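Inspection log for the structure reproduced underneath, given as structure tokens.
What follows is calculated from the coordinates using simple rules that are stated; it is not laboratory data. Quantities reported herein were computed from a predicted structural model and do not represent experimental measurements. Heads up, the Cβs are rebuilt from the backbone with ideal geometry, glycines too, and the neighbour counts pull from every protein chain shown.
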Amino acid sequence: MRETNEPLLRTRALSAYYGKVQALAQVELEVHPASVVTVIGPNGAGKSTLLNAIMGLRRTTGAVVYGGKDMGRIPAEQRLAHGLCLVTEGRDLFGTMSVRDNLELGFYSRRREGRERMRAELARVFALFPRLGERERQLAHTLSGGERQMLVLGRALMARPRLLMLDEPSLGLAPLVVREVFASIVQLRREGVAILLVEQNARAALEVADYGYVLEMGAVRTQGPAGQLAGDRRIVESYLGAGSGAAPLRPLIDAPATPDARGMQQPELRAA
Ligand code: ATP
């Protein structure tokens, strides 16, 4: 990937309303290629609205600039074709279809690239989530919560996003499964994918992120390198007070990529 200081995504004075209620107020945020940026904040702060606005699913004022291009009039489906992808909770899977069929649906926007390419993408997803490979033929509705979360992530990866936006990927998952999901986020960054992560589990989010924003009542209250935010007394008291009880994620972040996953990387996706 080409070295660049240009952000992959930038929002400028992004505001959104539900009727007369302002849910986002002049939000300015940047995500650089191959980085993890997290947005934390209390319930109702506007985090999901922010992701929906970036994806083009909400009417906004201000601008969303992605890959140097103003996305203003570009509808959500076309934003997906540009490599922008939003993953919400794992409930919108096709329950009566197999894991493999759900994954293949993720390739739909790239179907012209052919079956060979699709098989290569499937192999890449199975390398990242071996559990999905083991359950390839299982129906999606019979998966556990954590496996479903892996499947929605895997399906998103089939479209080969450049920017993956994740809305609460740890919601309702046991600590060990949260670790697995966050490990996959770290792995994706190594492969060059940029990630915008909205999380209630602020502690885990700040551990894997490079940079963080704290959103309160629709506005960016504070921002900074993730390590700095994690050491900020006010943030610790407001968002990190109750220990999650989970094992620290740091060893997982510093660990080298697995040989399997390295083998699956495409040259153009390598982190700079
Ligand atoms: P949570 O962490 O609880 O999911 P959030 O930070 O993601 O919250 P949003 O879901 O973006 O917050 O909501 C921001 C504000 O907008 C809230 O006050 C919410 O009640 C309001 N809101 C969200 N969706 C709608 C809607 N469809 N109609 C009206 N108000 C809405």
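What does the highest-first list of 30-37, 60-67 look like by mean Cβ count within 10 Å? Can you show the working numbers first?
On the way: 30-37: 21.0, 60-67: 17.5.
Output ranking for 30-37, 60-67: 30-37, 60-67.
In debye, nearest 20, what is the charge dipole magnitude of region 33-114 about its Cα centre with +1 on Lys and Arg Cβ and -1 on Asp and Glu Cβ, if you could check? Mind dumping the intermediate values first?
Values: 11 positive and 7 negative charges, 47 e Å.
Charge dipole, region 33-114, about its Cα centre: 220 debye, nearest 20.
Using a/c under 1.5 as the rounded threshold, could you call region 100-203 rounded, prolate or oblate? The axes a ≥ b ≥ c are square roots of the C-alpha gyration tensor eigenvalues, and prolate needs a/b larger than b/c, oblate otherwise.
Note, shape of region 100-203 comes out oblate.
Simple spin-label model, 7 Å along Cα-to-Cβ: ARG115 to GLU6 in nm?
3.9 nm
Taking a ≥ b ≥ c as the square roots of the Cα gyration tensor eigenvalues, with a/c under 1.5 meaning rounded and otherwise prolate when a/b beats b/c, else oblate, which class fits region 173-213? Before the final figure, lay out the partial values.
Details: a/c = 2.28, a/b = 1.18, b/c = 1.93.
It comes out oblate by the Cα gyration axes.
Which residue, GLY106, SER238, ALA174, has the largest displacement toward the positive end of the dipole of the chain when charges sit on each Cβ (Lys, Arg +1; Asp, Glu -1)?
Most positive-ward Cα: GLY106.
Which residue, PHE129, THR142, LEU157, has the largest displacement toward the positive end of the dipole of region 91-158 when charges sit on each Cβ (Lys, Arg +1; Asp, Glu -1)?
The residue sitting farthest along the positive end of the dipole is LEU157.
Enumerate by residue number the trypsin sites (Lys or Arg not before Pro) in region 101-144 meeting two conditions: DSSP loop (anything except H, G, I, E, B), and at most 10 other Cβ atoms within 10 Å of the site's Cβ. All intermediate terms of the calculation are to be shown ahead of the outcome.
Numbers: sites: ARG110, ARG111, ARG112, ARG115, ARG117, ARG119, ARG124, ARG131, ARG135, ARG137; in loops: ARG135, ARG137.
When the trypsin sites (Lys or Arg not before Pro) of region 101-144 are filtered for loop state and at most 10 Cβ neighbours within 10 Å, ARG137 remain.
May I ask you to evaluate 6.51 cos²θ - 1.76 cosθ + 1.60, the Karplus curve with θ = phi - 60°, for each residue of region 31-41 and list the ³J(HN,Hα) values in order in whole Hz, giving x for glycine and proline?
10, 8, x, 6, 10, 10, 10, 10, 10, 10, x
Using a Debye calculation, one point per C-alpha and no hydration shell, please list log10 I(q)/I(0) for the chain at q = 0.11, 0.12, 0.13, 0.14 Å⁻¹ in order.
One equal scatterer on each Cα of the chain leads to -0.60, -0.72, -0.86, -1.00.
What are the ³J(HN,Hα) couplings of region 159-176, residue after residue, when phi is run through the Karplus curve with 6.51, -1.76, 1.60 and θ = phi - 60°? Round to Hz, x for glycine and proline.
Ordered by residue, 3J(HN,Hα) equals 7, 6, x, 8, 10, 9, 9, 10, 9, 6, x, 9, 4, x, 9, 5, x, 5 Hz.
Which residue fluctuates most in the GNM of the chain (Cα springs below 10 Å): VAL21, VAL193, VAL177?
Of VAL21, VAL193, VAL177, the most mobile in the Gaussian network model is VAL21.
Rounded to the nearest 500 deg cm²/dmol, what is the calculated helix-only ellipticity per residue at 222 nm for the chain, with -39500 (n - 2.57) per DSSP H run of length n ≥ 4?
Numbers: 11 runs with 94 residues, N = 272.
It comes out at -9500 deg cm²/dmol, rounded to the nearest 500.
Once you place label points 7 Å from the Cα toward the Cβ at ASP70 and SER144, how far apart are they in nm?
4.9 nm
With +1 on each Lys and Arg Cβ and -1 on each Asp and Glu Cβ, how big is the dipole of region 91-158 about its Cα centre, in debye rounded to the nearest 20? Kindly include the intermediate steps, with their values, before the conclusion.
Working: 14 positive and 9 negative charges, 29 e Å.
Roughly 140 debye, rounded to the nearest 20.
Could you pull out every residue, at least 5 positions away or on a different chain, whose amide H is within less than 5 Å of the one on GLN26? Hs are placed 1.01 Å off N in the peptide plane, and Pro or chain starts have none.
So GLN26 has HN proximity to LEU14, SER15, ALA16.
For region 91-158, just say rounded, prolate or oblate: build the C-alpha gyration tensor, square-root its eigenvalues into a ≥ b ≥ c, call rounded for a/c under 1.5, and beyond that prolate if a/b exceeds b/c, oblate if not.
prolate
Round to a whole angstrom and tell me the spacing of the C-alpha centers of region 159-216 and region 51-91.
18 Å
Give a residue-ordered list of calculated ³J(HN,Hα) values for region 12-17 (Karplus: 6.51 cos²θ - 1.76 cosθ + 1.60, θ = phi - 60°; whole Hz; x for Gly, Pro).
Working through the residues one at a time gives 10, 6, 7, 10, 9, 10 Hz.
Given R₀ = 35 Å, FRET efficiency for ASP101-ALA13 by Cβ-Cβ distance, to 0.05?
Working: r = 42 Å, r/R0 = 1.20.
Result of the calculation: an efficiency of 0.25.
For the chain, with only Lys/Arg (+1) and Asp/Glu (-1) charged at the beta-carbon, what is the dipole magnitude about the Cα centre, in debye rounded to 20? Write down the numbers at each step before the final one.
Details: 36 positive and 29 negative charges, 116 e Å.
Computed about the Cα centre, the dipole is about 560 debye.
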